[in-house]
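The values are calculated or read from the model by the stated rules, or taken from the named source; none is laboratory data. Small disclaimer: the values here were computed from a predicted structure and weren't measured. Because the Cβ atoms are built from the backbone with ideal geometry, glycine has one as well, and the counts that use them run over all protein chains shown. Quick note on the areas: whole protein, heavy atoms, side chains included, nothing else; ligands and nucleic acids left out. Shrake-Rupley method; radii C 1.70, N 1.55, O 1.52, S 1.80 Å.
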Amino acid sequence: MQPLQTTTQAVDTAFYVIFGISSIMLAGIAIAMVWFVWRYNRKRQPVPLSQKDHNLWLEITWTVIPTLLVMLMFWYGWEGYLSLRRIPDDAMHIKASARMWSWLFTYDNGKSADKLYVPVGQPVKIELVAEDVLHSFYVPAFRVKRDTVPGMTNWVWFTAEKPGSYDLFCAEYCGVGHSAMVTTVEALPAAEFQAWLNAAAGTAADPVARGAELAQQQGCLGCHSTDGSRRVGPTFKGLFSQSREVVRAGREVTVTADEAYLIRAIREPTAEIVEDYPPAMPPYGQLSDADLQALIAWLETLK
Ligand code: CUA
């Protein structure tokens, strides 16, 4: 029907119309109020000037004008909302999976990444999927925010007009790692994006390189540092073959972080909890044995 506007234009137009009308009303009402206080002060005007108790035209005016203004604000809001919910025909499909506490973006050719790469100038439709609890996909630069709800598929669309890196947040409190659930939208020029998309991914032959790639993709690094600092979970640095205190079935035991321990910790993270940390990690049962081996090979290198 009408020429397509971006989500940013849709929201900004409605925002500035409402903000503009509100500012004019605020200024007008405040000035009239101050002027009345001064003009009709009892010292200045001890006797009423008029006994009129109504004025039909004045009443019609102050009913009709605000009604029109409210209708105008509604119209821009409604049009803007429709633009947000009307996906352009040429939109590219990308799936965003939200889980505690990271994002994973999967493209139709099977490629996946922990940052949302998009081509400049092309609309993208983001399918929103929650793997565990409620999260919310929020990109302020494109004015889009939508909850991801377990068991329900939601979506947003937007177009990046300029290349750049834009913040992407989780905007729904989803547990201790909520604040770690941040990443970026990387808008690349079309040719560069195609090159990125077509470059083979998830196929690093060397297990250590593959492990590092998995740690990124699976969101491990949202909660575990590799430099020794404490995050939601314990650091990976120096973890391999270290002995540590864990709570297993309510009892404290000392274990060695060997391969068997690490596999348990990834597959059934709440079975043994490292002392002093919350039982917060979701199980990663979907990783293949080869991927687990790669992750462990990589962990071993973090001395
Ligand atoms: Cu996910 Cu907050």
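Work out the FRET efficiency for K43 and Y81 from their Cβ-Cβ distance, taking R0 = 30 Å, and round it to the nearest 0.05.
Working: r = 52 Å, r/R0 = 1.74.
In this case the efficiency is close to 0.05.
How much net charge surrounds T235 when only other residues with a Cβ under 13 Å from its Cβ are counted (Lys, Arg +1; Asp, Glu -1)? Don't jump to the answer; show the numbers that get you there.
On the way: positive: R230, R231, K237, R244, K303; negative: D227, D276.
Here the charged neighbours net out to +3.
With all distinct Cα pairs included, what does the Kirkwood hydrodynamic radius of the stretch 207-300 come out to in Å, to one decimal, could you say?
Working: mean 1/r = 0.0747 Å⁻¹.
Answer for the stretch 207-300: a Kirkwood hydrodynamic radius of 13.4 Å.
Label-point separation (nm) for E161 and Q122, each offset 7 Å from Cα along Cα-to-Cβ?
2.0 nm
Averaged per residue, what accessible area in Å² does the chain show with a 1.4 Å probe, protein chains only? All intermediate terms of the calculation are to be shown ahead of the outcome.
Working: 17410 Å² over 303 residues.
Each residue of the chain exposes 57 Å² on average to a 1.4 Å probe.
Cut-off under 25 Å on the C-alpha distance; same-chain residues fewer than 8 positions from K111 excluded. Which lysines are left, in chain and number order?
Answer for K111, where 25 Å is the Cα cut-off: K95, K125, K145, K162, listed by chain and number.
I want to make sure I understand the PRE zone here: with the label point 7 angstrom from the Cα of L68 toward its beta carbon, which residues in the stretch 1-44 have backbone N atoms less than 18 Å away?
The answer is 17-18, 20-26, 28-29, whose backbone nitrogens lie closer than 18 Å to the label point.
Mind giving me the nanometre distance, one decimal, between the label points for V182 and A280, set 7 Å out from Cα along Cα→Cβ?
Placing both labels 7 Å along Cα→Cβ, they lie 1.5 nm apart.
Using Cα centres only, tell me the gap between the stretch 163-181 and the stretch 87-126 in whole Å.
16 Å
Please say if the chain is rounded, prolate or oblate, where rounded means a/c under 1.5 for a ≥ b ≥ c the square roots of the C-alpha gyration tensor eigenvalues, and otherwise the choice is prolate for a/b larger than b/c and oblate otherwise?
Numbers: a/c = 3.71, a/b = 2.08, b/c = 1.78.
Prolate.
Per the helix-only calculation at 222 nm, which mean residue ellipticity applies to the chain, given -39500 (n - 2.57) for every DSSP H run of n ≥ 4 and division by its residues, nearest 500 deg cm²/dmol?
Working: 6 runs with 104 residues, N = 303.
Taking each H run of at least 4 residues, the total per residue is -11500 deg cm²/dmol.
For a paramagnetic label modelled at 7 Å from the Cα of N198 toward its Cβ, which residues of the stretch 112-152 fall within the zone defined by backbone nitrogen distances under 16 Å?
Answer for this model: 119.
In the chain, what percent of the accessible surface is made up of carbon and sulfur (1.4 Å probe, ligands and nucleic acids excluded)? Intermediate values should be presented prior to the final figure.
Numbers: 10610 of 17410 Å².
The computed percentage sits at 61.
So what J values fall out for the stretch 234-243 if you push phi through Karplus, 6.51 cos²θ - 1.76 cosθ + 1.60 with θ = phi - 60°, rounded to Hz, Gly and Pro as x?
Along the stretch 234-243, the couplings run x, 6, 7, 5, x, 5, 4, 6, 6, 9 Hz.
Please give, to one decimal in nm, the separation of the simple spin-label points placed at R244 and D108, each 7 Å out from Cα toward the Cβ.
4.2 nm
GNM on the chain, C-alpha springs below 10 Å: top fluctuator among Y81, Y40, Y107?
Y40
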